[in-house]
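Shown next, in structure tokens, is the structure this report addresses.
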């Protein structure tokens, strides 16, 4: 650790990586098994419990961390797309914790899945020779170009770096607008003429309203708008009151089918075109933590051994629950004027087609929506006397009842020995959020 110049305050992260590797390293003391394998063989007999080492990396390796496009200055087309750092430890199976010394204090720890490793490059030239964390160039032979001159002897001794594959997971961010919210529900019994018909999902509002399923899509659109208005998602303002450029929005259309493959319902969802947002102005943080795989595996094992109750719930409109810290303005949603024409009782006083909307609540497509949802969830669970577990911020524990809640974005596992307490928390959460009670747990997203 000293050779890599890692500050002593970061050594606990390095020790965490050492403990992790010790638990997945075979030892003669337990007949050539790994400690993790030995533990799981007792808890889950008859299964293949060999640890997956495909994601393991050498602690202290030099890395290049990808800078997301939204965090790059638009005016700097040829600016750096990565920043140099040192790998410290791994969270779960795909998130790497790295130290970036060129950043200011308090912001030097970066967690990302988009990391390139140079595991056999042991010197820290990449960190000390430049203030601009530029991704190192790669020669045809695979050796990184260093800004420090090297002798011929040094070059021949330097092995080619190993380059890891870039995982597509983006900081546990959730961008898919088709997951979460439930809007218009139409049973297949009401749509007998559409059961066997192949329905194409429209790409635009015009396409939806000019197609053969116009009435179905119109009801789905109006249901979505009514839901957003009921939640107080936005407040209408004059255009000259906007401090930032209003973002555009669009409707996303989805045909949902039941388990038999028959038509279940038409769904419409209003989403913000998040790619228009600028980091630092329209949003600041996007990360939403999810429970670590090691955490929920251990807790499920404990629950199975102690015969705990394990219930599952899903938040239907998770990303719409968060309150915004930044000022975000959007153009008037398409179809809103027609909705007010059919439902004049919902039209606000002084309504005009020239107005814009200032978002009060988060909306699908906003880059900070996952983060705002996590903040809202934390406040809610703390009001119910739950406390965040220090080792995993996505897990909450109630010290009085002993109930544990594991969160994975909008999926909940609620476990404990007190069945009445679990049912009480489920009822309370159902009063606060729009929840779907999935009953005893059978499948968990994590």
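The values are calculated or read from the model by the stated rules, or taken from the named source; none is laboratory data. Here the structure is a predicted model, which is why all the values come from computation and not from measurement. Cβ atoms come from the backbone with ideal geometry, glycine included; neighbour counts cover every protein chain shown.
Residues of segment 322-333 being buried (at least 21 other Cβ atoms within 10 Å of the Cβ) and either without any contact (Cβ under 8 Å) to a residue 12 or more places away in the chain or touching a helix residue (DSSP H, G or I) at 6+ places or on another chain (Cβ under 8 Å) (or both), which ones?
Selection gives 322, 333.
For every residue, the table says whether it meets (1) more than 17 Å from residue 434 (Cα to Cα); (2) in a helix (DSSP H, G or I); (3) in the same structural domain as residue 269 (by TED's automatic domain parsing); (4) without any contact (Cβ under 8 Å) to a residue 40 or more places away in the chain.
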{"residue": "345", "(1), (2), (3), (4)": "yes, yes, yes, yes"}
{"residue": "351", "(1), (2), (3), (4)": "yes, no, yes, no"}
{"residue": "364", "(1), (2), (3), (4)": "no, no, yes, no"}
{"residue": "376", "(1), (2), (3), (4)": "no, yes, yes, no"}
In segment 252-293, anything farther than 22 Å from residue 70 by Cα, modelled with pLDDT of 80 or more and part of a loop (DSSP other than H, G, I, E, B) is listed as 291, 292
Those residues of segment 17-72 that are closer than 25 Å to residue 302 by Cα, crowded, with 17+ Cβ neighbours inside 10 Å and either touching a residue at least 40 places away in the same chain (Cβ under 8 Å) or in the same structural domain as residue 391 (by TED's automatic domain parsing) (or both) come to a total of 3
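For segment 212-243, which residues satisfy the criterion of being part of a loop (DSSP other than H, G, I, E, B), over 26 Å from the mean Cα position of the chain (by Cα) and in contact (Cβ under 8 Å) with a residue 60 or more places away in the chain?
Listed by number, the residues that qualify are 238, 242, 243.
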Selection from segment 225-242 of residues surrounded by 16 or more Cβ atoms within 10 Å (Cβ to Cβ), within 18 Å of residue 434 (Cβ to Cβ) and touching a strand residue (DSSP E or B) at 6+ places or on another chain (Cβ under 8 Å) yields 225, 228, 233
State whether the residues of segment 415-424 include one that is in the same structural domain as residue 298 (by TED's automatic domain parsing), within 16 Å of residue 296 (Cα to Cα) and either touching a strand residue (DSSP E or B) at 6+ places or on another chain (Cβ under 9 Å) or modelled with pLDDT under 95 (or both). yes
Inside segment 82-108, the number of residues satisfying the requirement of being modelled with pLDDT of 85 or more and either touching a helix residue (DSSP H, G or I) at 6+ places or on another chain (Cβ under 8 Å) or part of a loop (DSSP other than H, G, I, E, B) (or both) is 13
When every residue in segment 304-336 that is in a helix (DSSP H, G or I) and at pLDDT below 90 is compared, the one nearest to residue 434 (Cα to Cα) is 318
Subset of segment 29-80, residues assigned to a strand (DSSP E or B) and either modelled with pLDDT under 80 or in contact with a helix residue (DSSP H, G or I) (Cβ under 7 Å, 6 or more places away or on another chain) (or both), comes to 62
Filtering segment 393-416 down to residues that are touching a helix residue (DSSP H, G or I) at 6+ places or on another chain (Cβ under 7 Å) and surrounded by fewer than 21 Cβ atoms within 10 Å (Cβ to Cβ) yields 401
For residue 211, indicate whether it is more than 18 Å from residue 345 (Cβ to Cβ) and either surrounded by fewer than 19 Cβ atoms within 10 Å (Cβ to Cβ) or touching a helix residue (DSSP H, G or I) at 6+ places or on another chain (Cβ under 7 Å) (or both). yes
